[in-house]
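The values are calculated or read from the model by the stated rules, or taken from the named source; none is laboratory data. The structure presented is a predicted model; accordingly, all values stated were derived computationally and were not measured. Cβ coordinates were reconstructed from backbone atoms using ideal geometry, including for glycine residues, and neighbour counts include every protein chain displayed. The accessibility values were calculated without ligands, DNA or RNA, using every heavy atom of the protein model including side chains. Shrake-Rupley method; radii C 1.70, N 1.55, O 1.52, S 1.80 Å.
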Amino acid sequence: MRIPTDEQIRALHEKHAPTREAFDLVYIHCEIVCGIAEQLLERTGSDLNRDLARAGSLLHDIGVYRLYDTEGKLDHTRYVQHGVLGYELLLEEGLPDEIRRFCSCHTGMGISRSDVREQGLPLPVADYMAESGEEKLVMYADKFHSKTTPPTFVSAVSYAAQVRRFGEDKVITFKAMCETFGVPDLAPFTTAYGYALV
């Protein structure tokens with residue numbers, strides 16, 4: 001499997017970002033998720049593939065660029081599609097499935113086939129669930145930073161409260177991940193990036 005370098009990944013973001021503002025929003029978020037994932041790996045001493053987790057972290061949200069219109073506005077109504085759009089974008093770029101899956105399998109605590117049907121989500125009916133340890137790590141690390149306006153860091157308590165609206169099973173999955181990977185120390189990130197913790 002070919003894992004793209006940081007430079008190749010940044011070039012992909014620059015190629016597909018419709019505006020500098022979009023690049024800054026998405027790429028900085030991906031950098032933060034990468035930093036959180038790497039902190040968790042260091043603390044747990046996990047034997048997960050660090051290069052794969054790094055690439056997945058840096059690419060997981062690249063599909064967001066395909067939700068911008070010609071005027072540079074983000075279509076929030078279709079946001080749930082960004083993972084599938086990212087998977088398609090990386091397929092077009094010739095990246096392997098192991099890399100593309102970070103895009104399609106990181107949303108929420110995973111989206112099941114029944115979630116798609118029951119919630120009427122605008123997605124092809126399929127399972128979009130993290131399977132490998134690296135996919136689970138990136139999905140989990142992603143929960144601690146939000147691209148809201150302005151962007152914020154999200155505590156484990158806040159995320160557990162937010163995800164409850166999608167079902168108690170999602171809360172259970174999140175809490176299991178907290179036990180597996182630990183809760184990240186967000187203080188270095190809030191200091192470095194200046195975003196509030198909610």
Quick one: if you stick a label point 7 Å off each Cα along the C-beta vector at Arg113 and Asp127, how many nm between them?
0.8
Using 7 Å Cα-to-Cβ label points, what is the Asp185/Asp6 separation (nm, one decimal)?
2.1
Whichever aspartates and glutamates have a C-alpha closer than 18 Å to that of Lys15, once near sequence neighbours (fewer than 8 apart) are set aside:
Asp6, Glu7, Asp24, Glu31, Asp61, Asp69, Glu71, Glu88, Glu92, Glu93
What does the accessible area of Lys143 come to, in Å² to the nearest 10, when a probe of 1.4 Å is used?
10
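Just the number, please: carbon plus sulfur as a percent of the accessible area of the chain, 1.4 Å probe, no ligands or DNA/RNA counted. Please list the in-between numbers first.
Numbers: 4990 of 9520 Å².
Reported share for carbon and sulfur atoms: 52 percent.
Which whole-number percentage describes the relative contact order of the chain, with Cα contacts under 8 Å and a sequence gap of 6 or more?
On the way: 272 pairs, mean separation 40.4, N = 198.
Result for the chain is 20 percent.
Please compute the length gained on full extension between Asp69 and Arg164, using 0.36 nm multiplied by the number of residues separating them and subtracting their Cα-Cα distance.
Working: separation 95, 0.36 × 95 = 34.20 nm, distance 3.13 nm.
Gain in length upon complete extension: 31.1 nm.
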Would you mind working out the accessible area per residue for the chain, using a 1.4 Å probe, and quoting it in Å²?
48
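If a/c stays under 1.5 just call it rounded; otherwise compare a/b with b/c (prolate if a/b is bigger, oblate if not). Do that for region 136-188, with a ≥ b ≥ c from the square roots of the Cα gyration tensor eigenvalues.
Details: a/c = 1.97, a/b = 1.22, b/c = 1.61.
Oblate, since a/c reaches 1.5 and b/c is not below a/b.
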So if R0 is 41 Å, what FRET efficiency would Asp97 and Cys178 give, r being the distance between their Cβ atoms, rounded to the nearest 0.05?
0.90
